[in-house]
Amino acid sequence: MPKHKTNSLFIFFLTAVVIFALATFASAKADQNQGRNQENNATTNGKNATSSGQINAEEHRSAVANFVQTLLNAADREQGGIGEQVRVIAQQQNDSEATTSQAMDKVQTRNKIKTFLIGSDYKNLGKLRSETVQTRNRIEQLNRLMENTQNATDTAEIQSQIQTLEQEQTKIENFIKAQEGKFSLFGWLLKLFNR
């Protein structure tokens with residue numbers, strides 16, 4: 001075999017070994033950091049949000065379930081079209097929660113080496129962005145409906161649930177930003193081809 005081909009093959013092999021070693025090191029470091037974060041979260045006495053204001057899928061499921069139940073209770077008390085419209089929005093948000101939680105689970109459980117090499121799961125992050133836009137539209141609808149609510153207690157309850165949902169949206173947006181901001185070796189190349 002000619003010497004220049006042997007040298008090229010050796011350089012290629014050496015590069016592959018270095019990349020594999022870096023990926024393994026990064027994965028081990030990420031696992032170690034994740035373990036520390038889980039320990040820190042366990043010691044915060046049950047707070048739902050992590051220190052960075054992010055959320056995980058299970059916390060989102062719980063928050064949306066509470067939101068939906070409270071809105072359904074308010075819809076039962078409101079007579080006429082407003083109650084039915086609030087019920088429809090609550091059902092839509094409940095349906096959206098399943099998609100959002102599933103996308104968050106897939107992003108969170110993505111192989112760390114794959115994330116290190118090619119970046120985050122941009123397909124599911126796109127789904128999350130789409131769901132946040134739809135949720136923002138529902139929040140606007142609830143604000144308009146709240147103006148027509150006849151019962152002051154229901155108005156206060158709906159306002160409280162709108163604030164809760166807005167906080168959840170902020171946490172999801174922080175989650176998306178954190179996932180998109182993760183370092184990847186060849187992620188820049190993937191983004192270049194996706195434009």
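Each reported figure results from applying straightforward, stated rules to the coordinates on display, with no laboratory input. Owing to the predicted nature of the structure, the values given are computational and were not obtained by experimental measurement. Because the Cβ atoms are built from the backbone with ideal geometry, glycine has one as well, and the counts that use them run over all protein chains shown.
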Exercise. Across the stretch 120-163, which residue is nearest to the chain's Cα centre (by Cα) among those that are within 22 Å of residue 95 (Cβ to Cβ), hydroxyl-bearing (Ser, Thr, Tyr) and surrounded by 15 or more Cβ atoms within 10 Å (Cβ to Cβ)?
Worked result: 132
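Mind counting the residues in the stretch 119-152 that are part of a helix (DSSP H, G or I), in contact (Cβ under 8 Å) with a residue 24 or more places away in the chain and not basic (Lys, Arg)?
Of all residues in the stretch 119-152, those part of a helix (DSSP H, G or I) come to 122-147, 152.
If we keep only those that are in contact (Cβ under 8 Å) with a residue 24 or more places away in the chain too, we end up with 122, 125, 127-129, 131-132, 134-136, 138-139, 141-142, 145.
Next, only the ones that are not basic (Lys, Arg) stay: 122, 125, 128, 131-132, 134-135, 139, 141-142, 145.
The total comes to 11.
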